[in-house]
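Before any comments, here is the structure.
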Amino acid sequence: MNFVTIGSVIAFDRLVEAVDAVAAEHPDEDWFAQIGDGTYLPTHMAYARYVDRDEFERRVAEADLLIGHAGMGTISAALAAGKPLLVMPRDDARGEHVDDHQFLTADLFAADGHVLVAREAGDMAGMLDELRSFEPTPRESTAAGVGERVGRFLSDQQARRR
């Protein structure tokens, strides 16, 4: 099963529509999307506007592929389950978020081999093909590893502001 999630707060029609187009090309695969309050309704995959925490965790555990926004909840769930995740960052310029922090998040996690990134809808088909053979680097779970990652993140943010 391929599980698509846009998170629990803000609609993300660009992501849902892009994945729905790919699902149309792969009708033999099982697709499910959690779409929130978006206006685009998928025609090539099953969907629900919202799923509760238990269903979300079950779908992540059962998924072969995960596709989502570049939110920390989605990324954390994929890493905890060891699942391949393709993220599409929400774009402030398109009114999808209040700033572009998801691009930074996506880039940092991609640099560590944890996720793949599709920046544009047109990238989705090729990136999903790549996701099928992607093996995410397991996350570091020691306190020292977390401290190092937080330090790198803060250093990267300071460097970008200069």
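The values are calculated or read from the model by the stated rules, or taken from the named source; none is laboratory data. All of these numbers come straight from a predicted model, not from anything done at the bench. Each accessible area value is taken on the protein alone, full model and side chains, heavy atoms only, with ligands, DNA and RNA left out. Shrake-Rupley method; radii C 1.70, N 1.55, O 1.52, S 1.80 Å.
In this structure the amide hydrogen of D30, modeled in the peptide plane, comes within under 5 Å of the amide hydrogens of N2, none closer than 5 places in sequence on its chain. Near the amide H of Y47, within less than 5 Å, lie the amide hydrogens of A33, all on another chain or at least 5 residues away, with H placed in the peptide plane.
Rounded to whole numbers, the Karplus 3J(HN,Hα) couplings from phi for the range 24-29 are 4, 7, 10, x, 7, 9 Hz, using 6.51 cos²θ - 1.76 cosθ + 1.60 with θ = phi - 60°, and x at Gly and Pro.
Across the range 52-69, computed HN-Hα scalar couplings (Karplus, 6.51 cos²θ - 1.76 cosθ + 1.60, θ = phi - 60°) run 6, 4, 4, 5, 4, 4, 5, 5, 4, 4, 7, 5, 8, 10, 10, 10, x, 6 Hz from first to last residue, x flagging Gly and Pro.
Expressed as a whole percent, the accessible surface of the range 1-131 that belongs to carbon and sulfur atoms is 51, based on a 1.4 Å probe. Rounded to whole numbers, the Karplus 3J(HN,Hα) couplings from phi for the range 113-130 are x, 8, 9, 10, 10, 10, 7, 10, 4, x, 7, 4, 4, x, 5, 5, 4, 5 Hz, using 6.51 cos²θ - 1.76 cosθ + 1.60 with θ = phi - 60°, and x at Gly and Pro.
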